[in-house]
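Please treat every number below as a calculation from the coordinates, not as lab data. Since the structure is predicted, the reported quantities are computational estimates derived from the model, not experimental observations. So basically every Cβ, Gly included, is an ideal-geometry build from the backbone, and we count neighbours across all protein chains shown.
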Amino acid sequence: MKVLIKILLLLLLPVFVSAQQHKQLDSLRMALSNAANDTIRMDVYDQLAYYFYEVNPDSSLLYAEKELQIATQLNLKIYEANALTHQGYDFTNLNNYPKALESFLEAQKIAEDPACEKTVWHFAINQTPREVRISLLNTNQYLLGLLYATAGNRDKEVSSFLKAKSYAESIRDTAGIGFVIWQLGRNYIDLGKLDSALLFAQKALSYFSKSNISFRDRRYAGRTYVGWLYSLS
């Protein structure tokens with residue numbers, strides 16, 4: 001009976017996940033329709049762009065453009081950079097590498113200016129405007145590294161990841177550090193250095209475990225990755 005229950009739960013898991021995702025999307029659409037002003041609307045567009053990141057880059061790009069339009073109109077520089085980072089990743093997933101690079105570099109230029117910290121209006125408890133800006137720089141460089149990895153430019157890929165790691169270290173973002181180490185370790189697979197790849201993966205998991213942010217999916221993927229490396233060793 002216990003085995004049967006486990007099998008049923010595994011079979012129903014995709015249904016539960018799908019239902020939860022639809023509920024989240026419905027909530028975001030409701031929030032958009034009830035938005036009292038442009039700043040709230042911009043924030044919902046940001047969440048929608050993130051929601052569609054992996055499932056539909058065309059939709060994600062559309063919402064990122066809407067976010068960018070409002071941010072530009074209101075001269076909220078940090079959100080301009082955020083929207084451009086969204087666009088960079090969307091263009092990467094759409095195989096438009098020139099536009100992706102253009103978006104990432106423009107976002108980087110904006111976010112490097114400390115003055116844009118004055119335009120931060122919505123951030124987590126115990127997070128400073130500076131941390132918001134540095135976190136955005138970390139994300140932008142990380143995604144830029146993924147662009148270079150996709151394009152096959154190993155030197156610039158590693159350079160971007162190391163910059164992302166430096167930003168994460170400066171604000172003690174252990175999850176951000178973990179992501180970079182995880183990606184850097186994957187390069188050793190192509191070089192046939194599985195022991196080094198395993199070492200990096202284990203180190204990344206250690207950083208994930210120290211994070212106050214929930215990265216259960218990423219940590220699970222990391223554990224799967226570690227198990228796969230063990231099977232190759």
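Seen from Leu101, the other residues with C-beta closer than 14 Å to its C-beta sum to a net charge of -1, counting Lys and Arg as +1 and Asp and Glu as -1. Checked against a 20 Å cut-off, the cross-linked pairs Lys66/Lys99; Lys77/Lys156; Lys77/Lys118; Lys165/Lys203 give Cα-Cα distances beyond that limit for Lys77/Lys156.
Here's the list of aspartates and glutamates a cross-link from Lys109 could span, going by alpha-carbon distance under 16 Å and ignoring same-chain residues fewer than 8 apart: Glu80, Glu117. A viscosity of 0.890 mPa s and a temperature of 25 °C, combined with the Kirkwood radius over Cα pairs in Stokes-Einstein, give a translational diffusion coefficient for region 28-157 of 166 µm²/s.
A cut-off under 12 angstrom between Cβ atoms defines the neighbours of Leu61, and their net charge, with Lys, Arg +1 and Asp, Glu -1, is -2.
Label separation (Thr39 vs Ser206): 4.2 nm, computed from points 7 Å beyond Cα along the C-beta direction. Using alpha-carbon pairs under 8 Å, 6+ residues apart, how would you state the relative contact order of region 40-118 in percent? That works out to 27 percent. Between Tyr50 and Leu194, the contour length at 0.36 nm per residue exceeds the Cα-Cα span by 48.5 nm. In a simple Cβ point-charge model (Lys, Arg +1; Asp, Glu -1; nothing else charged), region 22-173 has a dipole of about 180 debye relative to its Cα centre.
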